[in-house]
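The values are calculated or read from the model by the stated rules, or taken from the named source; none is laboratory data. Computed from a prediction, not measured in an experiment: that's the story for all the values here. Please note: Cβ atoms are built from the backbone with ideal geometry, for glycine as well, and neighbour counts cover all protein chains shown.
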Amino acid sequence: MGMRPHVLVVPFPAQGHVMPLMKLSHRLIDRGVKVTFVNTEFIHAQIMAALPGKGEEHCGIHLVSISDGLELENERKDALELMGTIPRVMPGNLEDLIRKILQEDDEQIDCIIVDTTLGWALEVAVKMGIKRAAFSPYAVGLLALDLQFPKLMEDGIVDSNGTTVKDEVIKLSPGMPDMKTTEIMWNCPDNPITQEIMLGFAFTINQAVKLSNWVLCNSFYELDPLIHDLIPNLLPVGPLLMSNRLDQPAGSFWPEDSTCLSWLDKQSPCSVIYVAFGSMTIFSQHQFEELALGLELVGRPFLWVVRSDLTAGSDIVYPDGFRDRVAHHGKIVKWAPQQKVLAHPSTACFLTHCGWNSTTEGLSMGVPFISWPYYVDQFYNERCICDVWKVGLGLSPDKDGIISRHEIKSKVERLLCDQGIRKNVLELKEIARKSVSEGGSSSKNLEEFIEQIKC
């Protein structure tokens, strides 16, 4: 085939799902693959507004959009509504887009890469005779657990609603943390809406893996070889990182504040606490204030990402006088170029929500973690960080469920004195780097995938 292969990429419409697929798209383009990236109209508009340069070619990626069927922005705040509308409306819209590309542009589509939570997009590809790859944006251990769901139901460990019936410990491989069945993502008895969504995802992911020719994931084989071997057709292609020569952000929904990089340049090596909780975490006002006062109490330089919606109230309200007291050593931004911050020699540790993208970026840059998970998969990632890889410390809430300022100070000080954790994270950094270098496991997997889609 003389023409370069053409791949259509379809992410789930959330920041933590769009970014790794955008990074994968850059890696494919570097290897001569043409990429068309399909967002919902709402997400597409957010990305275009956040991009430094306007235009629908983003470092060689062709950005296009289809409707998710919702008109008003606030409708998207109802997660169940969104979950219901997407599979009803988007398959037809995706099929129309594919037909348009095939007819108008006289283009072939060699493969469609789809987030595992969007099984309907793979069904469209099956119908249209296009090769299919499912992409898992979270830890491989959780993908393996999701694939165990039918068996757990068959064995009477969980019921058809995802609720745990038998309290048991699951350990699919020695490199995986012990997981109690009560801790599994689908078991959210206090939050029936979350449980319904997570259960829907478990069924969809099982279906997506069955419909796919390949399963790609943002991980590397050496992180847990035995878990990787449990999943058929799995190709780990991570850690997915932006290359240094690409200035533009990888599908960020918010403009990145790069002033924090020049601020970091002025700090001492290995002195700064980087604090960022991803795109979804929301704190109560009380907890937000304890966090602020904890950072002040530590007395070290800190860089804190504070989204405008980080607290449950309408506005961000800092403790009285806090901004003035920390002005000489604290930098607060709305959104940061995280990978560059983690790679900066001044960064000492990462206080994080343990999202999978943040976890892989921290590992790849050799930065130890203070873990503060917020929901679903982040609790599993914390267990890997603290108990399996031993590259970080967790925070313990007080009797009221609050992480106190004194707990934050104590754990940061302990972490920065722990040479064992430092050694472990630098070893994993080296393994991660090797995996994506020429001849490394993830690099070879990506080459193999590209060769197969050309056939």
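Per-residue answers, yes or no, for (1) of a type in the set (S, T, N, Q); (2) closer than 17 Å to PHE12 by Cβ:
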site	(1), (2)
PRO177	no, no
GLU183	no, no
ASN187	yes, no
PRO192	no, no
ASN206	yes, yes
VAL209	no, yes
SER212	yes, yes
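Got a number for residues in segment 393-408 being in a helix (DSSP H, G or I) and either surrounded by 18 or more Cβ atoms within 10 Å (Cβ to Cβ) or not charged (D, E, K, R) (or both)?
The total comes to 3.
Going by the conditions given, is LYS390 within 27 Å of ASN445 (Cβ to Cβ) and assigned to a loop (DSSP other than H, G, I, E, B)?
Criteria met by LYS390.
Return only the number of the condition from (1) within 21 Å of the chain's Cα centre (by Cα); (2) surrounded by 16 or more Cβ atoms within 10 Å (Cβ to Cβ); (3) in the same structural domain as CYS349 (by TED's automatic domain parsing) that ILE282 does not satisfy.
Single failed check for ILE282: (2).
Mind counting the residues in segment 154-194 that are more than 23 Å from VAL140 (Cβ to Cβ), in contact with a helix residue (DSSP H, G or I) (Cβ under 8 Å, 6 or more places away or on another chain) and part of a loop (DSSP other than H, G, I, E, B)?
The total comes to 7.
Looking at (1) more than 22 Å from VAL140 (Cα to Cα); (2) crowded, with 24+ Cβ neighbours inside 10 Å; (3) without any contact (Cβ under 8 Å) to a residue 40 or more places away in the chain, can you tell me which one CYS354 breaks?
Evaluating CYS354 over (1) more than 22 Å from VAL140 (Cα to Cα); (2) crowded, with 24+ Cβ neighbours inside 10 Å; (3) without any contact (Cβ under 8 Å) to a residue 40 or more places away in the chain leaves (1) as the failure.
Which residue is nearest to LEU118 (Cα to Cα), if the candidates are limited to segment 59-82 and must be modelled with pLDDT under 70 and not charged (D, E, K, R)?
LEU82
Under the condition of being free of Cβ contacts under 8 Å to residues at least 40 places away in the same chain and either in the same structural domain as ASN218 (by TED's automatic domain parsing) or in contact with a strand residue (DSSP E or B) (Cβ under 6 Å, 6 or more places away or on another chain) (or both), which residue from segment 370-390 is surrounded by the fewest Cβ atoms within 10 Å (Cβ to Cβ)?
Among them, the one singled out is CYS386.
Going by the structure shown, is ASP315 surrounded by fewer than 19 Cβ atoms within 10 Å (Cβ to Cβ) and at pLDDT 95 or above?
no
Please go through segment 376-415 and pick out each residue that is of a type in the set (Asp, Glu) and in contact with a helix residue (DSSP H, G or I) (Cβ under 6 Å, 6 or more places away or on another chain).
ASP377, the sole residue that qualifies.
Please determine, by comparing only the residues of segment 138-189 that are farther than 28 Å from TRP389 by Cα and of a type in the set (Gly, Ala, Ser), which one is surrounded by the fewest Cβ atoms within 10 Å (Cβ to Cβ).
So the residue we want is SER160.
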